[in-house]
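To start, the structure under review is shown below, and the notes come after it.
FYI, it's all coordinate maths here, none of it is from the lab. All figures in this text were calculated on a predicted structure; none of them were measured in a lab. Ideal geometry is used to build each Cβ from the backbone, glycine not excepted, and the neighbour counts take in all protein chains shown.
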Amino acid sequence: MASPFRVLVGKELLAFRPFLAFSVFLAVLDSVLVLLTEYPTRVRLDFLTTQHSDSAAVLFFIFAALALALTSGILLREYDERTLEFLDGLPVSRSQLFAAKVLAALGTVMAYPLLASLEGLVMHAFARDSLHQAWHLGLLAQSLWLDGVLILFLIGVGTLLSLLRRFSWMAALLMIFSFRLAAGWFPALEGYSPLVLIAPPIRGGLYVVPWKAVLALGSIGLLSLLLAWVQFARGSDWLLIAWGRFQRSTPGKILLVLALFPVLGVCIFLLASFALEDPPPAGVQVDSDLGSAEVRFPDWKTAELRTQLYEFVYPSNLRSRVLELAPVADAAGRKVFDFFQTEPGEPIAVDATANDATHYAGLAEWQSITLALAHQPDLKELEGTLVHETAHVLIDELSNRRLRDHFNTVRVFHEGLASYLEHDFVLTEKRAQLRFPAIVLRDRRLFDFELMADSTRLEAELGIEVIYSLGERLAATLVKGMGQDGIVCLLRNPDLAAGLRHLQGVPFWQAWIQSCGHDLESLLGDFYLALDQDARRLRGQIDALPRPRGRIEVEEGNILVYVLAPGLPKPWEPVCRFKSDPQASVDDVHVSYAYLEEPCRAEAQSIAPNGTFYLQIGITNFDAGYTLYEPWFPATTTPAAQ
Amino acid sequence: MKTWLILVRKEVRQHLWALAGLLLICMLAYLNLVAYSLTEAAPSAPLQALRAFLIVYMPLTALLLSGRLVVAEYSAGTQVFLEGLPLARVTMVTVKYLLGLVLLFLALALALTLAFSFSSVQPDLRQSTIIALRSAVYLWTIYSFFFLGGFLGRYRFPFYGLVGLGFLLLTYSTDVDLSRWGPFALVDNTLAFERSNLPWMALLWSAALLIVLTSAAYALALIREGSVAALTAQKMSYREKIAFTMVFMAFLTTFTYLDERKDPEPFELVLGSSAHDGYATATVLTAYESEETDHQMAQEWSRELAAMQRFLDLAWVPQVFIVERTDLDPDLFEQGQIQDASGVLARAHITHPDFRAGAFKAWLLRRVLLDASRQRLEEETYAWVLDGFSLYWLDERSQIDRGILMLRALWAVPQEDELEAALLGRWLSVREQLGQEVAAGLAYSGLAALRQRCGPEGVQDFLRRVLATPVPRDLRALWTAPAARPVRALQEACGLSLEELVQDWKALLAENRRQSGLLVESLPRLEMDLEVEAFSSLSRGLRHRITVTPRPAQALLLEVRYGRLQGLEVRKEPQKLHLQVVRYPDRAEDALPGTYTPGERVYAAAQLYVPLLRCNVVSGWRAWEVD
């Protein structure tokens, strides 16, 4: 004969039949959908790895909705339908009755994950192949007991909240809302979220059980059940009856209406979080402009290659380029080390992962180089860039970064020496091209050393490319005049940290060169002399370049400058720079190119708000990548009064 | 008339608090309308705000109003008292209906007044009339819908949900655009701009709909002396709630099913040049956007696809898009995942002088076949045929060196005895062991052996059965897919068993081995092992140990590719693997970058490019568990 307790459990299960049916329905529905839309032979136990995805949230929502709906009337229905009096008359205690209800509720909700796991196993049996042999039974068992803890928590809280009658759903939503809010302030709370129980990370073929969450949520579930049991089995019924009356009264209704607002907030929050478009998963590149739909490409992972002098890190889609560079890199780098009379230590880190670097060939930082690998297909150019940046790294290292304190003053030296070595060791055939702007500018007397010793002004006056051109010629003169020892002396100079520390500009240069036993004036004499000799040699080429002038007009709010440069040979093109303030920095200068007989353009309102602006006209050689500017001059947008 | 007034007073008194709440909502809506009109510079802003008012606030107000006027009355059962009074039931219903309607019209009138008065460009009388008429008819229809819902009592929310889902389903699964029909068309985006024409059809449809809805509401309220409405107003039982939830879920599932089944729109490339050959279309976009080059390549590809389609008798081939990516090594290709559109999009450095055109063609044709089969061919049963096909196809068209493919096959099977039928049944593992390209070479040699036995026509028949048999992507695959299985296809196309094919295959390999002499033995083989170094109880390092046989005469550059396996992953795509270049033999034994935790799994292999095979050979992909 069945024990009274078993009869009670049976009675409760009978009462929960609709929910049981719903659990089964949900589990079957999942499989039906899969069988209607997928090859049955390609479905595996994917649901075991749903962590950190929407699927976990959906699964939690199903469990929570089922548990809360089931427990909403679990205790009070007996009061409301007056069946409790009948049950009290039976030879069972209220504690037994309570236990029977909770057990039946747990079993009913657990039916869903149990059935889903069973279906998953059946599908997995069809889909197993030689790579997917494992049945993952341990994982499956872990998944079920973790679901069990979660369901215990939900049933416990649901049973306790059910005493609030119609307020129970509201209270549940408020709990979720409060938790989300608190987790925003204290992220550590995320570790106790019920979501972490749904398929946590896998290690060693098993889940890493989130014990803290298991203990916390399990305890909350049990504690809630204990409180509900105390009220149901030991408490006075009048409290529940009085609470019921309160809810039906006007204050109760007002409270209900007032509580609706935060509940509405929770619902909107939850809906919005579901409605928000999922960001693409990590490691995926999204291209939305390629065609009519978004296309996702997996990112290529990084690759590493270590040589004696360098440690390359680069995207694995460019491995052939690095494999070409690597064998020549050490030989080229060794020359730089030899030049600076130093021995290599730890390899220099070369970061070539920046695929979007289009505005530079390389950058040097302390003991590391950033190389724009993707946009330099030519191996020779890459090798040159590596030498150039290695020189920067060694200049910084030998000077212990002290030259950085005078960067504006010595930038022409820094870039010049790096360019000198680049063109001396690798790109020798391009040296003449690099020097040409310096020669022309010297021939036209457009700079002096004071300007060279202020790189910000030099860039503003003559463009950034000139720093490399003038610098390389200067570096060549210094190497010739002072020798390699002299250059190393300049870098290792202890005065950089002492007497020279507070000097800038030409006085710095004078003291710096003098501290190594040389004279700046005499070296500069050699520098100018070399440029003058080059100018004599290239007289024909220099004279073939016209000194551009401009016809300025204003049309429909635009300043138009028609560049007059008769006989300008190809591939030179006119260019203009505009600024509204004579002291404007390079960033505030507007550059406009004049292609195909078109004028240079600038918006009058922004460049000449009070009618005056500053204009610089030049010619640019796109093939060689430099520009020869004429000096800046003031201009107006209004004709002078007659 | 007096009775009517009494009833109105009763309604107002009964729902005073609710009406006050509704007034609050309306005030909020007006505030919104005014704020939008003042902050937006566009002249049409107030009328746009009116449209938002009609679409967002008015349905909510109508829902709440009918909820109070009808549902509250019937669920409390107080209509029984009214029925006891000397007034007709129809009068009671009409008073409720008209009271709700009048209140809504008043709310609308105030909204219209605000919208017109805040318009910087005042609408003329005709435009004002059109807007007012459209708004009023829309509102009336919406109200009628919710009024009817009110008489459905506890079933009203399931009713709203099902109607909403039904509309969604209709819009999604058919070409019907509901936004251009009936009441929806009345408040479409022309509401703020239409100055001269009345949307007569939309007005007529709306009028018809509101008559139907109102009639249905009256019918529900009056049939069986109102007892139906009284019954539906009772509280919903658990069973009903669950039944409705099930219906709702079933609807959602249907929706998901239709969504999955819906054919996606073909992808369109913004730039590039397209060419067609029959049903095959290819689009090419090179980096330098030379239209002539693009078109020429597109033509070649469309011809290739069309030829393959004819050869295999495929029902369709997806459109192919080839886009150049210049920062990609010439031997690397990548496929983009097109979201919600169809087609196969590949990127490669196609104009690079060292671009491996043949390898790319084999790779892309394989992807096309996978897409055409909706990934069915990725299953282990068919995988060897798929791997071998693209090389066989290129061989048939004399676009690839047959000797190299045979050499790959010989490298893959050092002794003919190792080749057995069971190997084909665990092809995915074979592919992991040999690497994709060598495995494809081996599979090719199988098809070549079949060609010797059955002739090209027999192979074509076999390939058609395996690769082109239509298999529905659902449960039906369980009984349709067996016809496409290689064992059966082999029997039906050539009258051969798999074991007989393997015998022929072995014979072919043996013959080629004799011809190649010692060449195969001279080709390098790699072995790699990973050793775990314990740094602490929580951290581990890995060291690789690589052996190349026969020992190379000079130093080699090998690649070690590795990556962490997540969850239940058993392998990783090449893009997702890190790469370390290793100088052999100097660094044959070296540390693998990264720190690992016990229990993690690392997927790795060493690979070496072998010029004679024109592909990489691998040490065998494996997953190591860090213990």
Query raised in the report: Roughly how crowded by other chains is peptide A:30-41, in terms of the mean Cβ count from those chains within 10 Å of each of its Cβ atoms?
Result: 6
Report task. Return one number: the angle in degrees, 0 to 90 and rounded to the nearest 10, between the long axis of the Cα atoms of helix A:319-339 and the longest principal axis of the Cα atoms of chain A. Result -> 50
Query raised in the report: Tell me, A:Tyr468, B:Tyr97 in order of fewest to most beta-carbon neighbours within 10 Å?
Result: B:Tyr97, A:Tyr468
Query raised in the report: With axes computed from alpha carbons, what is the tilt in degrees of helix A:54-71 against the longest principal axis of chain A, rounded to the nearest 10 within 0 to 90?
Result: 20
Requested in this report: Rounded to whole Hz and in sequence order, give me ³J(HN,Hα) for segment A:544-558 from the Karplus expression 6.51 cos²θ - 1.76 cosθ + 1.60, θ = phi - 60°, writing x for Gly and Pro.
Outcome: 6, 8, x, 8, x, 10, x, 9, 9, 9, 10, 9, 6, x, 10
Query raised in the report: For segment B:107-203, what relative contact order do you get, as a whole percent, if you take Cα pairs closer than 8 Å and at least 6 residues apart?
Result: 35
Requested in this report: Shielding by partners for B:373-383, please: the mean number of other protein chain Cβ atoms within 10 Å of each residue's Cβ.
Outcome: 3
**Report entry** Pair B:Glu569, A:Leu144: separation of 7 Å Cα→Cβ label points (nm)
**Finding:** 2.9
Query - Ordering of B:11-24, A:412-425 by packing [mean C-beta count within 10 Å, highest first] - result: A:412-425, B:11-24
Query raised in the report: Tally Lys and Arg at +1 and Asp and Glu at -1 over the other residues with C-beta under 9 Å from the C-beta of B:Gly358: what net charge comes out?
Result: +2
Report task. For segment B:481-533 and segment B:317-340, write down the distance between their C-alpha centroids in whole Å. Result -> 30
Requested in this report: May I ask you to derive the relative contact order of chain B, considering only C-alpha pairs under 8 Å and at least 6 residues apart, and to give it as an integer percent?
Outcome: 8
Report task. First select every other residue whose beta carbon is under 14 angstrom from the beta carbon of B:Thr469; then total the charges, Lys and Arg +1, Asp and Glu -1. Result -> +4
Query raised in the report: Once the Cα atoms of the protein assembly as shown are picked out, what are the Rg and Dmax in Å?
Result: 40.2, 123
Report summary line: Summing -39500 (n - 2.57) over every DSSP H run of at least 4 residues in the protein assembly as shown and dividing by its residue count gives a helix-only mean residue ellipticity at 222 nm, to the nearest 500 deg cm²/dmol, of -18000 deg cm²/dmol
Report task. Give me B:Ile404, B:Ile546 ranked fewest to most by other Cβ atoms within 10 Å of their Cβ, as a rough exposure proxy. Result -> B:Ile404, B:Ile546
**Report entry** Long pairs among B:Lys2/B:Lys96; B:Lys241/B:Lys262; B:Lys96/B:Lys235, criterion Cα-Cα beyond 20 Å
**Finding:** B:Lys241/B:Lys262; B:Lys96/B:Lys235
**Report entry** ³J(HN,Hα), Karplus 6.51/-1.76/1.60, whole Hz, each residue of segment B:611-625, x for Gly, Pro
**Finding:** x, 5, 8, 6, 7, 7, 10, 10, 7, x, 6, 9, 10, 9, 8
**Report entry** Relative packing of peptides B:177-184, B:253-260 - highest average C-beta neighbours within 10 Å first
**Finding:** B:177-184, B:253-260
**Report entry** Nonlocal amide H pairs with B:Gly599, under 5 Å, H built at 1.01 Å
**Finding:** B:Val626, B:Asp627
Report task. Could you give me the percent of Cα pairs per 20 Å distance bin for chain A, shortest bin first, beginning at zero and ending with the bin that holds the maximum distance? Result -> 14, 29, 20, 22, 13, 2, 0
Query - Close Lys-Lys pairs in chain A, where close means Cα under 21 Å and separation is 8 or more or interchain - result: 7
Report summary line: The computed P(r) of chain B puts the percent of Cα pairs beyond 42 Å at 51
Query raised in the report: If you rank B:Trp624, A:Trp145 by fewest surrounding Cβ atoms within 10 Å, what's the result?
Result: A:Trp145, B:Trp624
Report task. When a/c is below 1.5 the answer is rounded, else prolate if a/b is larger than b/c, else oblate, so apply that to segment B:272-315 with a ≥ b ≥ c taken from the square roots of the Cα gyration tensor eigenvalues. Result -> prolate
Query raised in the report: What FRET efficiency would be calculated for the residue pair B:Arg180, A:Ser178, taking the C-beta separation as r and a Förster radius of 60 Å, to the nearest 0.05?
Result: 0.85
Report summary line: The answer for B:Val344, listing residues at least 5 apart or on another chain whose modeled amide H is closer than 5 Å to its amide H, is B:Gln319, B:Val320, B:Phe321
**Report entry** Kirkwood estimate for segment A:507-642, i.e. one over the average of 1/r between Cα atoms, Å
**Finding:** 17.4
Query raised in the report: Helix A:520-537 versus the longest principal axis of chain A: what is the Cα-based angle in degrees, 0 to 90, to the nearest 10?
Result: 80
Report task. Net charge near B:Arg325: determine it from the other residues with C-beta under 11 Å of the C-beta of B:Arg325, scoring Lys and Arg +1 and Asp and Glu -1. Result -> -4
Query raised in the report: Amide H to amide H, which residues 5 or more places from B:Ile350 or on other chains are under 5 Å from it, using H placed in the peptide plane?
Result: B:Arg325
**Report entry** segment B:531-627 - Debye-derived log10 I(q)/I(0), Cα point model, q = 0.10, 0.12, 0.14, 0.16 Å⁻¹
**Finding:** -0.28, -0.41, -0.54, -0.70
Query raised in the report: Simple spin-label model, 7 Å along Cα-to-Cβ: B:Phe535 to A:Ser219 in nm?
Result: 3.3
**Report entry** Kirkwood-based Rg to Rh ratio, segment B:10-130, C-alpha trace
**Finding:** 1.10
Query raised in the report: In chain B, which cysteines lack any other cysteine Cβ under 4.7 Å from their own?
Result: B:Cys26, B:Cys615
Query raised in the report: Based on the mean of other beta carbon atoms within 10 Å per residue, what is the order of A:448-461, A:550-563, most packed first?
Result: A:448-461, A:550-563
Query raised in the report: Just the projected area, averaged over all directions, of the convex hull on the alpha carbon atoms of segment B:254-407: how many nm²?
Result: 10.6
Report summary line: Within 10 Å of the Cβ of an average residue in B:327-333, the count of other chain Cβ atoms is 5
Requested in this report: Report ³J(HN,Hα) in whole Hz for each residue of segment B:486-496, in order, from the Karplus equation J = 6.51 cos²θ - 1.76 cosθ + 1.60 where θ = phi - 60°; Gly and Pro get x.
Outcome: x, 4, 6, 4, 5, 5, 6, 7, 10, x, 10
